[in-house]
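Encoded as structure tokens, the structure appears first; notes follow it.
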Amino acid sequence: MRLSGWQEMDNRRQELYGMVDFIRGRLGQPTAPTLRDFPGAGAGPGGAPKTYPQPTQQAIDRLKSDPAVRDQFEEYFGPGSADRALGR
């Protein structure tokens, strides 16, 4: 299965962070904390709900043509976004 552009970019970003942490470890420097290290990870400033981007027409068309990408769509555009995009 081919990854979407945003998912591929996110995977590459995670790989880069892993390399940076590896290099810091080799240099004896502490690794950078991640969101998993903090309670409320993924929440916005002050514990505000996380904001999601608006789906593009291209993303909506992709969802309509391939319902199997529903979970990825909702992960990126937020909970309930697939139903809203499909008019449900």
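Please treat every number below as a calculation from the coordinates, not as lab data. Owing to the predicted nature of the structure, the values given are computational and were not obtained by experimental measurement. As a convention, Cβ positions derive from the backbone with ideal geometry for all residues, glycine included, and neighbour counts pool all protein chains shown.
Of note:
- Legend: calculated FRET efficiency, residue 6 to residue 70, from the Cβ-Cβ distance at R0 = 22 Å, rounded to 0.05, equals 0.90.
- Phi to ³J(HN,Hα) by Karplus 6.51 cos²θ - 1.76 cosθ + 1.60 over the stretch 53-61, Hz, x for Gly, Pro: x, 6, x, 7, 4, 4, 5, 5, 4
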